[in-house]
Amino acid sequence: MDFDLTDEQRLLKDSVDRLITERYDFESRNKYRAEPEGWSRALWEQYAELGLLGLPFPESYGGFGGGPVETMIVMEAFGRGLAVEPYFATVVLGGGLIHQAGSEEQKSALLPQIASGEALLAFAHVERQSRYDLANVTTRAHRADGGWRINGEKSIVLHGDVADQLIVSARTSGSPSDRAGIGLFLVDAKDVTRRGYPLQDGLRAAEVKLDDARAEPLSNPEGALSVAEQVVDAAIGALCAEAVGVMQSMHELTLDYLKTRRQFGRPIGDFQALQHRAVDMYVALEQARSMALFATMMAAEEDPAERRRAITAAKAQIGRSGRHIGQEAIQLHGGIGMTMEYKVGHAFKRMTMIDIMFGDAGAHTEELARLGGLFGT
């Protein structure tokens, strides 16, 4: 595999890195979180001006025709800055579902609005009993008045409190956990009841209740699960890239602290035992980076079994590396690492939430074992 960036990708990386450096220091992040929606609308407009919101979409829909590598570049930079804007929810998940499952009319209507920053989307798939299983769906959709109506409840809908449209997974037939009989439906946020709240990592989510809400199917109402799984696999690859940015931030903060914190008349980084621990953090970071690159390369794999093995292996490694680096970062910082006024604790919270999303390291390790390992059996 060729891991070298093209000239255009290097320009994108330089542009996004500069934006995060200039606009996303820790104090600025706290100001963005204090805004009414929990993130910065002004910065969202700047993302649109830079083309970041339309990056993964074809030019015919107002995008820039980027792929998983371009998404990886953006997500890693956002990880370093601990960005709180709904990029993952709207562009990666919502936009990905519209692009893969939507009709030509739906794509022509929504993708340009996402690219321009006018539309916010959220993927409502989690239910109280579903855990990490996309097929465990009890929310029901039925035909009525020439269209579709949905009844049910969804939990932890990422940025569901500000979304203009929700993409809801709902069952049209079968029993819970059946793979068949699941559709994806576009629902106007005005037709649902939602309660927003902050998550531990600074992002926001919502509990959503659908009471005979009007809905428009994105694709085959009986067999949309495979499309959802494809988009979620690509989204996990993007999360892995963000996690690498978060881990890199924690490692850099820890190294800087070891060089400046003095004990017994010398920087604590002079002590060999702490140097060894910093090196172990670096090894874990590079292991995670390698697997995140692998996930990026495999995100567009057409064979769902091969794609799933790669994504599952990457997510398992990301979770293990993130936990190790986060714990070491907190311990090597001491008490200051636990304070709300210092960035490293917030980075560990974000890393923990990334680990949990779509399955933690333990769940993916078990799944990888069931699949016969990374290369199958």
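So the values come out like this:
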read-out	value
Residue count for region 202-242, restricted to those that are part of a loop (DSSP other than H, G, I, E, B) and more than 19 Å from LEU120 (Cβ to Cβ)	5
Every pair of residues 6+ apart whose Cβ atoms lie under 8 Å, when the first sits in region 103-129 and is buried (at least 17 other Cβ atoms within 10 Å of the Cβ) while the second is among the basic types (Lys, Arg)	ALA124/LYS154; HIS125/LYS154; VAL126/LYS154; GLU127/LYS154
Residue pairs meeting the criteria (Cβ under 7 Å; at least 6 apart or on separate chains; first closer than 20 Å to SER28 by Cα, in region 339-364; second among the hydroxyl-bearing types (Ser, Thr, Tyr) and modelled with pLDDT under 95)	GLY345/THR339
Hits in region 1-38 - residues which are in a loop (DSSP other than H, G, I, E, B) and touching a residue at least 60 places away in the same chain (Cβ under 8 Å)	MET1, PHE3, LEU5, GLU37, GLY38
Any hit, region 248-269, residues being closer than 20 Å to ASN136 by Cα and β-branched (Val, Ile, Thr)	no
Inter-residue pairs, beta-carbon under 9 Å, first within 22 Å of GLU252 (Cα to Cα) and in region 308-329, second outside any helix (DSSP H, G or I), 6+ apart	GLY319/GLY359; GLY319/ASP360
ALA83 vs. criteria modelled with pLDDT of 95 or more, farther than 20 Å from ASP233 by Cβ and touching an Asp or Glu at 6+ places or on another chain (Cβ under 8 Å)	no
Residue check for VAL137: over 19 Å from SER226 (Cα atoms), touching a residue at least 40 places away in the same chain (Cβ under 8 Å) and of a type outside the set (Asp, Glu)	no
Selection count, region 27-37, where residues are touching a helix residue (DSSP H, G or I) at 6+ places or on another chain (Cβ under 8 Å) and either surrounded by 15 or more Cβ atoms within 10 Å (Cβ to Cβ) or at pLDDT below 95 (or both)	2
Filtered residues of region 190-239 (kept if within 16 Å of the chain's Cα centre (by Cα), surrounded by fewer than 20 Cβ atoms within 10 Å (Cβ to Cβ) and of a type in the set (Gly, Ala, Ser))	GLY202
Filter result (of a type in the set (Val, Ile, Thr) and either out of contact with any Asp or Glu (no Cβ under 9 Å at 6 or more places or on another chain) or assigned to a strand (DSSP E or B) (or both)) within region 160-171	ILE167, VAL168
Leading residue by the ranking (farthest from LEU210 (Cα to Cα)) among those in region 117-136 that are in contact with an Asp or Glu (Cβ under 8 Å, 6 or more places away or on another chain) and among the small types (Gly, Ala, Ser)	GLY117
In region 240-280, residue surrounded by the fewest Cβ atoms within 10 Å (Cβ to Cβ) [restricted to those that are within 21 Å of MET75 (Cα to Cα) and of a type in the set (A, V, I, L, M, F, W, C)]	LEU253
Filter result (out of contact with any helix residue (DSSP H, G or I) (no Cβ under 7 Å at 6 or more places or on another chain) and either assigned to a loop (DSSP other than H, G, I, E, B) or among the small types (Gly, Ala, Ser) (or both)) within region 172-191	THR172, SER173, GLY174, SER175, PRO176, SER177, ASP178, ALA180, GLY181, GLY183, ALA189
Residue within region 50-71 that is surrounded by 23 or more Cβ atoms within 10 Å (Cβ to Cβ) and polar (S, T, N, Q) present	yes
In region 134-157, the residues that are farther than 13 Å from ARG171 by Cβ and either among the aromatic types (Phe, Trp, Tyr) or surrounded by fewer than 14 Cβ atoms within 10 Å (Cβ to Cβ) (or both)	ARG143, ALA144, ASP145, GLY146, GLY147
Contacts under 8 angstrom Cβ, first residue in region 49-74 being acidic (Asp, Glu), partner surrounded by fewer than 16 Cβ atoms within 10 Å (Cβ to Cβ) and assigned to a loop (DSSP other than H, G, I, E, B), 6 or more apart	GLU59/GLY65
Matching residues in region 104-159 - criterion: being within 15 Å of VAL91 (Cα to Cα), in a strand (DSSP E or B) and not aromatic (Phe, Trp, Tyr)	LEU121, ALA122, ALA124, VAL157, LEU158
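The values are calculated or read from the model by the stated rules, or taken from the named source; none is laboratory data. As the structure is a computational prediction, the values presented were derived from the model and not from experiment. For neighbour counting, all protein chains shown are included, and Cβ atoms are generated from backbone atoms with ideal geometry for every residue, glycine included.
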